[in-house]
Amino acid sequence: MDAENPAPASPVLPRSFDETHKIRFECRRGIACWNACCSNIDISLTPYDVLRLARRQDLSTTEFLWKYTVPYEMEKDGIAGVKLKPVDGGTACRFMESAGCSVYADRPTACRYYPVALLSLRRQDENVDRQSYALVEESHCLGHREPREITVADYRAEQGLPEYDELARGWRQLILKKKSSGPAVGKPSQRSLELFFMACYDLDRFRSFVASEGFGRIHDLPDDEIRAILEDDVAAMQFAFRFLRQVLFGEMSIALHAENTEARRVRLAEQRARIEREAAERLAREEAGDLPED
Ligand code: SF4
Ligand code: SF4
């Protein structure tokens, strides 16, 4: 299941609605389809999902990613994503047990949302996303036959989603912004994919990067902010989103050391001048070669 990112051919009903809409659904222990949804997974993780699951297993994000996830490129926009890795040679979730989900209190956003699909929409002229929802009706899921009616707002609250969505907001906005900047910006470089991957999902590696001498030489961060990033997972994650907005979209919110900024500016200007000079020389050589002889 992938309630967050329904594919075009998925059983997501085409109708979207807001939080006040009532759905008829209940998942309960003892239902005949118990665990059917967790037996065939396709679950994308948010950065906060990765953090919660890694900390639950007492793992660094690097170890968790290696052991429990597979990387993928989200849609065709060159955005790095991670999915839960199913059991070896199968499709079931590694956290599924006969009694149910073994990581229930820290289960990912997509598992909490199911069978509701979150649709984040953004208009070209807007910098904020609007949320709407759709219903996923898969034939194996008998929860739709239960008599309980519940609004999407109450369902989200029941599933602990307000906190998860709040903490994933910066990440979703980055994705929407990257998608809406589309082909004009072109295919992102391998380096920008890797940076996005590290800052969003491998928070412990991102922390080491922030603590490195190279980062400190360029960025001018107050000591208390560095301390918060090093000690507090959520502060580090929010800073990672800020850092990516600055690096990918030029939204400057992290101060740079002036002398290094100037040195970078001079280096880039020299580099640009060299590229232009080489291009002009190449053109001149080509034109000379192309000229008909007298
Ligand atoms: S994390 Fe839990 S709820 Fe989600 S697919 Fe795995 S077992 Fe099911
Ligand atoms: S009711 Fe749906 S969500 Fe609940 S166990 Fe069955 S298939 Fe999974």
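Since every read-out is calculated from the coordinates, none of them should be taken as a lab result. Fair warning: this is a prediction, and the values are worked out from it, not measured in the lab. Ideal geometry is used to build each Cβ from the backbone, glycine not excepted, and the neighbour counts take in all protein chains shown.
For the chain: lysine pairs with Cα atoms under 18 Å, gap of 8 or more or different chains, count? Taking the Cα cut-off of 18 Å, the pair count is 9.
The relative contact order of the chain, computed from alpha carbon pairs under 8 Å that lie at least 6 residues apart in sequence, is 23 percent. Considering amide H positions built from the backbone, and no H for Pro or chain starts, which residues 5 or more places from Leu59, or on another chain, come under 5 Å of its amide H? For Leu59, no residues qualify.
For the chain, what is the charge dipole size about the Cα centre, in debye to the nearest 20, if Lys and Arg each add +1 at the Cβ and Asp and Glu each add -1 at the Cβ?
720
Which GluC sites (Glu not before Pro) from region 214-287 combine a DSSP loop assignment with at most 13 other Cβ atoms within 10 Å? Spell out each step's value before the answer.
On the way: sites: Glu225, Glu231, Glu251, Glu259, Glu262, Glu270, Glu276, Glu278, Glu281, Glu286, Glu287; in loops: Glu251.
For GluC sites (Glu not before Pro) across region 214-287 that sit outside H, G, I, E and B with at most 13 neighbouring Cβ atoms in 10 Å, the list reads Glu251.
Computed 3J(HN,Hα) for region 105-117, one whole-Hz value per residue from the Karplus formula 6.51 cos²θ - 1.76 cosθ + 1.60 where θ = phi - 60°, is 5, 10, 4, x, 4, 4, 5, 5, 5, 3, x, 8, 10, glycine and proline marked x.
Between Gly100, Gly89, Gly78, the Gaussian network model of the chain with springs among Cα atoms under 10 angstrom shows the greatest mean-square fluctuation at Gly89.
Of Ile275, Ile175, the sequence from fewest to most neighbouring Cβ atoms within 10 angstrom is Ile275, Ile175.
Karplus-based coupling profile of region 229-244, in residue order and whole Hz: 5, 6, 9, 10, 4, 5, 4, 5, 5, 5, 5, 4, 5, 5, 4, 5, with θ = phi - 60° in 6.51 cos²θ - 1.76 cosθ + 1.60 and x standing for Gly or Pro. Converting phi to 3J(HN,Hα) with the Karplus coefficients 6.51, -1.76 and 1.60 and the offset θ = phi - 60°, region 153-168 yields 4, 5, 5, 4, 5, 4, 8, x, 7, x, 5, 5, 5, 4, 7, 9 Hz in sequence order, with x at every glycine or proline.
Distance from the Cα centroid of region 43-91 to that of region 203-218 is 22 Å (rounded to whole angstrom). With all projection directions averaged, the alpha carbon convex hull of region 28-102 covers 6.0 nm². Sorted ascending by nearby beta carbons within 10 Å, beginning with the fewest, Lys178, Lys85 become Lys85, Lys178.
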